[in-house]
Amino acid sequence: MSQSTTATLRAFSFGGGVQSVACLVLAAQGRIDFDVFLFANVGEDSEDPRTIDYFRQHAAPYATAHGIRIEELQRIRRDGSTETLWGRLTKEGSRSLPIPVRMSNGAPGTRSCTADFKIKVIGKRLKQLGASEDSPAVVGVGISLDEIQRANNRRSEPYEQITYPLLDLGLRRTDCHRLIRSAGLPVPPKSACFFCPFHRPEAWREMRRTAPELFAKSCQLETLLNERRAKLGKDPVYLTRFGKPLDRAIPDGWDTLPFDEWDETGLCDSGRCFT
């Protein structure tokens, strides 16, 4: 899948979840064409460990076996050190709040996490591979037909042209599951930082039940952020829409009813996370 010096670079923004893995399978089948798949790892201490494990144990070996170039990227500071999202949030004296924490009314706050740790990291690599404003790369994003509202071409950077191969093929998330299983791969977990405020209540409940150490770390992060805000005279923020600390919002043994509603307008619409 090498490219000539004059060809337009075609790269896929690999999120590590169901849609991205389905696109990897489609590439192996020759149904879509990308020169490289790029996975921006926001941090060993930040990504859901299951996503990192899946990438290294299943996605990367599958790509290699099918002659597909796949790269794992990280955010590198000017001094050569690696910056993680967790590290930025917990750095002593930091006032940075790059994640979409929930305000007292449940609405998500502003965020820069996706831009800084996904889009810019992949953008830096695209430029190294030759992408520019004069010669933008075609960048694939894994949004499926059932989440078409998340597709937003206006979010393209000057060095890229966004394309949505799953939309072009009319594929839904259920189709992605089928593709992945047919390739002999396990279906990956939903990709996101383990402490992401865009998690649904059910995802938090499942984390508390199956990964209590990650749930506890999320609670500790929420407490740390609010201790800092209190010193600045600012209102508290939360990791859920319920306006209360995480361990109270998702108590042990709490269960979500099948008809529990969720405000989908809060879901990350960049397509670089949860795909």
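The values are calculated or read from the model by the stated rules, or taken from the named source; none is laboratory data. Computed from a predicted model, the values in this text were never measured in an experiment. Here the Cβ positions follow ideal geometry from the backbone for every residue, glycine too, while neighbour counts run over all protein chains shown. Accessible surface is based on the protein model in full, side chains and every heavy atom, while ligands, DNA and RNA are left aside. Shrake-Rupley method; radii C 1.70, N 1.55, O 1.52, S 1.80 Å.
Loop-only GluC sites (Glu not before Pro) in the stretch 112-207, please: DSSP not H, G, I, E or B, and at most 11 other Cβ atoms within 10 Å. Write down the numbers at each step before the final one.
Numbers: sites: Glu133, Glu147, Glu160, Glu202, Glu206; in loops: Glu133.
Qualifying residues, ordered by number: Glu133.
May I ask you to list the aspartates and glutamates whose Cα is less than 19 Å away from that of Lys127, ignoring any residue fewer than eight positions away on the same chain?
Asp35, Glu71, Glu72, Asp116, Glu157, Glu160
Along the charge dipole of the chain, pointing to its positive end and built from +1/-1 on Cβ of Lys, Arg, Asp and Glu, which listed residue (Cys196, Pro98, Ile162) has its Cα farthest out?
Of the listed residues, the answer is Pro98.
Could you give the angle, 0 to 90 degrees to the nearest 10, between helix 201-210's Cα long axis and the longest principal axis of the Cα atoms of the chain?
So the inclination is approximately 90 degrees.
In the Gaussian network model of the chain, springs joining C-alpha atoms below 10 Å, which of Gly93, Gly140, Gly43 carries the largest mean-square fluctuation?
In the Gaussian network model the winner is Gly93.
Ignoring any ligand, DNA or RNA, what whole percent of the accessible area of the chain comes from carbon and sulfur when the probe is 1.4 angstrom? Walk me through the numbers before you get to the answer.
Working: 6370 of 13320 Å².
Heavy-atom surface of the chain belonging to carbon and sulfur, 1.4 Å probe: 48 percent.
If the only charges are +1 at each Lys and Arg Cβ and -1 at each Asp and Glu Cβ, what is the size of the charge dipole of the stretch 1-93 around the Cα centre, to the nearest 20 debye?
Details: 10 positive and 12 negative charges, 47 e Å.
Dipole of the stretch 1-93, to the nearest 20 debye: 220 debye.
Sort Ser96, Ser104, Ser13 by accessible area with a 1.4 Å probe, largest first. Write down the numbers at each step before the final one.
Values: Ser96 40, Ser104 90, Ser13 5 Å².
Sorted by accessible area, descending: Ser104, Ser96, Ser13.
Straight-line reach from Lys244: which lysines have a Cα under 28 Å away, not including same-chain ones fewer than 8 places off?
Qualifying lysines at Cα under 28 Å: Lys91, Lys190, Lys217, Lys231, Lys234.
Helix 173-182 versus the longest principal axis of the chain: what is the Cα-based angle in degrees, 0 to 90, to the nearest 10?
Around 60 degrees separate the two axes.
Relative to the longest principal Cα axis of the chain, at what angle does helix 212-231 sit, 0 to 90 degrees, rounded to 10?
Approximately 60 degrees, to the nearest ten.
Before I look further, what does the chain give for accessible area per residue, probe 1.4 Å, in whole square angstrom? The partial results should precede the final answer.
Values: 13320 Å² over 275 residues.
Counting only protein heavy atoms, the per-residue value for the chain is 48 Å².
How large is the charge dipole for the chain, taken about the Cα centre, if only the Cβ atoms of Lys, Arg (+1) and Asp, Glu (-1) carry charge, to the nearest 20 debye? Show your work: numbers first, answer last.
Working: 39 positive and 35 negative charges, 94 e Å.
It works out to roughly 440 debye.
Which Cα, out of Ile143, Pro61, Gly109, lies furthest along the positive dipole direction of the stretch 61-147 (beta carbon charges, K/R +1, D/E -1)?
Of Ile143, Pro61, Gly109, it is Gly109.
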